[in-house]
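See structure below.
The values are calculated or read from the model by the stated rules, or taken from the named source; none is laboratory data. Only a predicted model underlies this, so the values are computations on that prediction, with no experimental measurement involved. Note that we place each Cβ from the backbone using ideal geometry, even for glycine, and neighbour counts take in every protein chain shown.
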Amino acid sequence: MTPARLIDATPVVDDWWLIRLAWTGEAPQPGQWLWLDVNDRRVCLPVRDADAGEGWLAGVIPGTALPGPLGPGTRVHISALQGNAVAPANAQPLLILGEDLGIGPALALAERHAAQVRLVLLGGCHGIPGRLAPSRFFVPALTDTAIAGVSSLEQAGVPARIALADERPGVHEGRVAELLGRYLADTPQAERQALELVAFTPWGALQSAREALVASLRAVQLVELPRGQAGL
């Protein structure tokens, strides 16, 4: 682990926090992550954004996973970069899923490949690090269970649907995998076989469905992230 200091630690929507720290070398990409040791806790920090020229990387983490208080200058230790950058095929329709810590990289990938994205499915137990709004995009398979999208994605022309553990207007109460199942069940076979699924989830969250997904879709990239936090 390497000593470092936080450049920024800022609360965002739904008690998520933006964590930004100094980084040298090539800019990390969604799909990669590192361990962050702070105040005797170890948490997973998935890459949300990075800038090699300015020398930083950033991720978003639920406030419940972070030991406080945090702020600019907080001493931390960071691991080497873990995981592999996700590289979707060019010009192929994308289906993106992000659950819990996977929400940040899912949003980042959707923003970078907005023209390819068919649908983004987000959710989990910690809310969403973005403002929810009634979606202007019609998704027939999900009209009876979820109609809210994410404001930033709406502005980028990307449809999204949300599933959370708690009840909220326009949001499916349950797991995001349930929305995925409903959507694929309503999608004609020819369309399913053209889709590439990129899913950022906690370890094991989609393992039971992986074989069926691989069989029904053109491609599946599954990025599994460590769950929760741990003491040192």
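Number of residues in the stretch 76-92 that are surrounded by fewer than 18 Cβ atoms within 10 Å (Cβ to Cβ) and either modelled with pLDDT under 90 or touching a helix residue (DSSP H, G or I) at 6+ places or on another chain (Cβ under 9 Å) (or both): the value is 5.
Within the stretch 5-32, the set of residues being surrounded by fewer than 18 Cβ atoms within 10 Å (Cβ to Cβ), farther than 14 Å from PRO62 by Cα and of a type in the set (A, V, I, L, M) comprises ALA22, ALA27.
Does TRP35 satisfy the condition of being among the aromatic types (Phe, Trp, Tyr), farther than 23 Å from VAL150 by Cα and over 19 Å from the mean Cα position of the chain (by Cα)? So TRP35 does not fit the description; no. Scanning the stretch 192-208 for residues that are free of Cβ contacts under 8 Å to residues at least 60 places away in the same chain and surrounded by fewer than 17 Cβ atoms within 10 Å (Cβ to Cβ) yields a count of 5. Those strands (runs of 3 or more DSSP E) of the stretch 9-65 in which at least 1 residues are touching a Phe, Trp or Tyr at 6+ places or on another chain (Cβ under 6 Å) and among the charged types (D, E, K, R), considering only elements entirely within it, cover 16-22, 41-46. If you check ALA133, ALA205, ALA199 for being in contact with a strand residue (DSSP E or B) (Cβ under 7 Å, 6 or more places away or on another chain), farther than 20 Å from GLN92 by Cα and part of a strand (DSSP E or B), only one passes: ALA133.
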